[in-house]
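S.K.: Once you've had a glance at the structure underneath, I'll fire off some questions.
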């Protein structure tokens, strides 16, 4: 059954990537796309790579009521603080929402307010966290899905088997993650200007990055133990991709085979999780343009730490692809629909 879908904020990188994926989805019909800064323009004029795929004009979100009435699903590809208004505007409709921002990712809205520094205006909304491999059953019937963030997707998927099987001390976790510059959005920023970015590699947001509590929330839920982590992101001079390196102290007596078994138990039947195994080294180029997450792990017997490596494409598995995967689950479609393609290489 074809679903009518609309994309709010279609001119950002995540929105444009979502349009690319939805074009190839056999059961999705894009009805409306919005942009406040480009209202009235055609999407293929802004993104020529979509020429011949869409001839839609960008609308204003001032028409959100009529957009909602004409949509089975609304994808919100806007910065944090915007989706709450959409959720409130569509509260009386059957329209379902997939928010690619942060507004609906947290069970406790006070955590959102503390890290994002804006009031949460829709705390009563019933919502689920949209990380498909972990919360699939909740996603099936959810009306509002808070799509997991990019760094968080890579990091939670890396650590989930260890937390769920209680193999690590969850308060020894360090996440060191590197992202391509598309994760910073399309807006012009000095730090992302070519002369600043090229031939450079830098950290940012140490101790303060907003994905920190999102990772902690999921790992606390999985382990049943209150979890605090250190998370430091880095910017690398490439357009897309995330490599997350996650460290944790193994609990006493945990043999390497138990670590192997934990990953196989949780992900052995997951199509979009590719287990590269103990001792391997995933690469961002191996997942570029795809919805796959490649995982590998190393065990340092000298320090009794496990090191998990996770590679994703931040715009696909970390944003638009995950949104389509959640859409498929919510609709009862094959989870691979519209996403069953190989990575781009080289």
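The values are calculated or read from the model by the stated rules, or taken from the named source; none is laboratory data. Keep in mind that this is a model prediction, so the values were computed, not measured. For neighbour counting, all protein chains shown are included, and Cβ atoms are generated from backbone atoms with ideal geometry for every residue, glycine included.
Yes or no, residue by residue, for (1) surrounded by fewer than 20 Cβ atoms within 10 Å (Cβ to Cβ); (2) at pLDDT 95 or above; (3) within 17 Å of the chain's Cα centre (by Cα); (4) closer than 15 Å to residue 133 by Cβ:
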{"site": "250", "(1), (2), (3), (4)": "no, yes, no, no"}
{"site": "253", "(1), (2), (3), (4)": "yes, yes, no, no"}
{"site": "260", "(1), (2), (3), (4)": "yes, yes, no, no"}
{"site": "267", "(1), (2), (3), (4)": "yes, yes, no, yes"}
{"site": "288", "(1), (2), (3), (4)": "no, yes, yes, no"}
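S.K.: Considering every residue within the range 182-200, establish whether at least one is in a loop (DSSP other than H, G, I, E, B), more than 30 Å from residue 85 (Cα to Cα), in contact (Cβ under 8 Å) with a residue 40 or more places away in the chain and outside the structural domain of residue 75 (by TED's automatic domain parsing).
M.R.: No, every residue in the range 182-200 fails to be in a loop (DSSP other than H, G, I, E, B), more than 30 Å from residue 85 (Cα to Cα), in contact (Cβ under 8 Å) with a residue 40 or more places away in the chain and outside the structural domain of residue 75 (by TED's automatic domain parsing).
S.K.: What's the total number of residues in the range 1-26 that are out of contact with any strand residue (DSSP E or B) (no Cβ under 6 Å at 6 or more places or on another chain) and in a loop (DSSP other than H, G, I, E, B)?
M.R.: 7
S.K.: Could you tell me whether residue 9 is in contact with a helix residue (DSSP H, G or I) (Cβ under 7 Å, 6 or more places away or on another chain) and either at positive phi or free of Cβ contacts under 8 Å to residues at least 12 places away in the same chain (or both)?
M.R.: Judged against the criteria, residue 9 is a match.
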